[in-house]
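Only one structure is covered here, and it is reproduced in the block below.
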Amino acid sequence: MDVADRARIYAAFADATRRLASAMDTKAGFVFAVNGALLTSLWIGARMADVGSVARWLAMGSSLCAILALLAALWVIVPRPSVDAAIYGTRGSRPVSHYGYVVNRYSAADFAQFERDVAQFDEADFAREALEAHFIVSRIVQLKSKWIAIAGGLTLAGIGLAGMALLAKQLQG
């Protein structure tokens, strides 16, 4: 396999992991909306503030889970320049397709230097850069996936507690 073929394959890897990162952001948005709706339905629709103590405590537990899930989902979509800025350049690579590297390495007035640096890349440099992008974005996707799993678990717990709160409300009165 020649360098150009490797570059295309590595670029495809990087593109696939970027799509996964986008999917994680979409999942975070969905979890965020579900928990916002859960909080609204509990306190405005079902009027859990006007019920007995058991139902209210269950609703407060559900709300706590929903708020924590909101925070976990928000953490997924908050932009971060990198997972670990210390990895940039430590292996001799220059991941010029990753904005965190570009921002940390070049000032706003350094476009000409950036252009000169990229112009010096040969096919092997571009192949390595594509593989580096895949490596970095894979770490970002893994971190996002972890927080989505946490948000999903909290959402399920919140929905379960909300169901119990609504049942307790019906039984109380």
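The values are calculated or read from the model by the stated rules, or taken from the named source; none is laboratory data. Just so it is clear, the model here is predicted, and its values are computed rather than measured. Cβ atoms come from the backbone with ideal geometry, glycine included; neighbour counts cover every protein chain shown. Each accessible area value is taken on the protein alone, full model and side chains, heavy atoms only, with ligands, DNA and RNA left out. Shrake-Rupley method; radii C 1.70, N 1.55, O 1.52, S 1.80 Å.
Run the quick spin-label model on LEU71 and ARG47: label points 7 Å from Cα toward the beta carbon, then report their separation in nm to one decimal.
3.1 nm
Using only the alpha-carbon atoms of the range 7-83, report the extent along each of the three principal axes, biggest first, to the nearest angstrom.
Here the spans come out as 64, 21, 16 Å, largest first.
Ordering ILE140, ILE77 by how much accessible area each has at a 1.4 Å probe, largest first, what is the list?
My answer, sorted largest first, is ILE77, ILE140.
What angle, in degrees between 0 and 90 and rounded to the nearest 10, separates the Cα long axis of helix 53-77 from the longest principal axis of the Cα atoms of the chain?
10 degrees
What net charge is computed for the residues neighbouring ALA55, neighbours being all others with C-beta under 15 Å from the C-beta of ALA55, Lys and Arg scored +1, Asp and Glu -1?
My count for the surroundings of ALA55 gives +2.
What's the local net charge at LYS169, with K and R +1, D and E -1, over the other residues with C-beta under 15 Å away? Can you show the working numbers first?
Details: positive: ARG47, ARG56; negative: ASP50.
Around LYS169, the surrounding residues sum to +1.
To the nearest 20 debye, what charge dipole does the chain have about its Cα centre, counting +1 at the Cβ of each Lys and Arg and -1 at the Cβ of each Asp and Glu?
Numbers: 17 positive and 14 negative charges, 169 e Å.
Dipole magnitude for the chain comes out near 820 debye.
Once the Cα gyration tensor of the chain is diagonalised, what are the square roots of 5 times its eigenvalues, in whole Å and ordered largest first, as equivalent ellipsoid semi-axes?
Working through the eigenvalues yields semi-axes of 49, 15, 10 Å.
Tell me what the chain gives for mean residue ellipticity at 222 nm when only DSSP H runs of n ≥ 4 count, each as -39,500 (n - 2.57), the sum divided by the residue total, rounded to 500 deg cm²/dmol.
Details: 5 runs with 129 residues, N = 173.
Dividing the helical sum by the residues of the chain leaves -26500 deg cm²/dmol.
With a 1.4 Å probe and every protein chain kept in, tell me what percent of the accessible surface of the range 31-173 is carbon plus sulfur.
Roughly 67 percent of what the probe reaches on the range 31-173 is carbon or sulfur.
Keeping all protein chains in place, calculate the accessible area per residue for the chain (probe 1.4 angstrom), answer in Å².
Details: 9920 Å² over 173 residues.
Averaged over the residues of the chain, the accessible area is 57 Å².
I'd like the accessible area for LYS27, computed on protein heavy atoms only with a 1.4 Å probe and all protein chains in place. Round to 10 Å², please.
110 Å²
Rg over Rh of the range 102-161, using C-alpha atoms and the Kirkwood radius, what does it come to?
On the Cα set of the range 102-161, Rg over Rh gives 1.31.
Compute the length gained on full extension between LEU143 and MET164: take 0.36 nm times their separation in residues and subtract their Cα-Cα distance, giving the result in nm to one decimal.
Net length gain for the segment: 4.4 nm.
Roughly how much of GLU129 is accessible, in Å² to the nearest 10, using a 1.4 Å probe?
20 Å²
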